[in-house]
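For reference, the structure discussed in these notes is given below.
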Amino acid sequence: AQKITQTQPGMFVQEKEAVTLDCTYDTSDQSYGLFWYKQPSSGEMIFLIYQGSYDEQNATEGRYSLNFQKARKSANLVISASQLGDSAMYFCAMRRPSGGYNKLIFGAGTRLAVHP
Amino acid sequence: DTGVSQNPRHKITKRGQNVTFRCDPISEHNRLYWYRQTLGQGPEFLTYFQNEAQLEKSRLLSDRFSAERPKGSFSTLEIQRTEQGDSAMYLCASSFSTGLSGNTIYFGEGSWLTVV
């Protein structure tokens, strides 16, 4: 069965420092996609970054990078130069393309608090 | 704003009443999804449409739940005879259907339901 595990219920980071949010996944598929979403208190799920299982390079989007270690089945999110506005819930998700659709399986999330 | 739009954003209803949520996806997206999120959890898949066809329903979607996407554009999610356990945020999302990589699923701001 497919599963996403986020072992850090909460994380604290000082403003302007980098932080790593952990995500491990379990799948027997060879082809899959990994996503990170940010959810502020308003509720909207904001797409941050995507990594395909066949992508050889780690994905980067501005201050966000994804540390993809396929053999370990981990897809950690690194946020560089944290800002106060980064305080939110962060969810790791996996998409399986089998079946021809894009159902996402989410982890339980990590709450990040950025301190000034 | 051309993102996914949901309304109402908040709904408080008495147990036993019916409620309906509406979702307007990103206009060129032909796939539409409904997810449910309870406090402290990641979103869980409920159902998925490609154009007007409902292609999958989760076991979470009991007989009291019905979703429609009559013209392949907006969608409605109706909950009949609401129960307190239905209290959650209902998230709508949309995406393209072509390609495997990078066809990101974009979420709306969610509709909060409180059943009292």
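Assigned to a loop (DSSP other than H, G, I, E, B) and of a type in the set (S, T, N, Q), is that true of A:Ser42?
Here the answer is yes, as A:Ser42 does meet what is asked.
Within region B:39-57, track down each residue that is assigned to a loop (DSSP other than H, G, I, E, B), over 20 Å from B:Trp112 (Cβ atoms) and within 13 Å of chain A (Cβ to nearest Cβ).
Matches in region B:39-57: B:Asn51 only.
Just name the residue that is farthest from A:Trp36 (Cα to Cα) out of those in region A:51-90 that are of a type in the set (Asp, Glu) and in contact with a strand residue (DSSP E or B) (Cβ under 9 Å, 6 or more places away or on another chain).
The extreme case among them is A:Asp55.
Go through (1) farther than 17 Å from A:Thr5 by Cα; (2) at pLDDT 95 or above; (3) in contact with a Ser or Thr (Cβ under 9 Å, 6 or more places away or on another chain) and name the single condition A:Leu66 misses.
So the condition that A:Leu66 fails would be (1).
Table: residues versus (1) within 21 Å of A:Arg95 (Cα to Cα); (2) touching a strand residue (DSSP E or B) at 6+ places or on another chain (Cβ under 8 Å); (3) of a type outside the set (A, V, I, L, M, F, W, C).
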position: B:Gln6; (1), (2), (3): no, yes, yes
position: B:Cys23; (1), (2), (3): no, yes, no
position: B:Trp34; (1), (2), (3): yes, yes, no
position: B:Leu77; (1), (2), (3): no, yes, no
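Here are the criteria: (1) within 13 Å of chain A (Cβ to nearest Cβ); (2) of a type outside the set (Lys, Arg); (3) loosely packed, with under 15 Cβ neighbours inside 10 Å; (4) on the phi > 0 side of the Ramachandran plot. Tell me which single one B:Gly72 does not satisfy.
(1)
Restricting attention to region A:87-98, does a residue exist that is away from every other protein chain (no Cβ under 14 Å) and either crowded, with 16+ Cβ neighbours inside 10 Å or at pLDDT 95 or above (or both)?
yes
How about region B:59-107: which of its residues are modelled with pLDDT under 95, assigned to a loop (DSSP other than H, G, I, E, B), closer than 23 Å to A:Gln39 by Cβ and small (Gly, Ala, Ser)?
Within region B:59-107, B:Gly102 is the sole residue that qualifies.
The values are calculated or read from the model by the stated rules, or taken from the named source; none is laboratory data. Small disclaimer: the values here were computed from a predicted structure and weren't measured. Methodologically, a virtual Cβ is constructed for each residue, glycine included, from the backbone with ideal geometry; neighbour enumeration extends over all protein chains shown.
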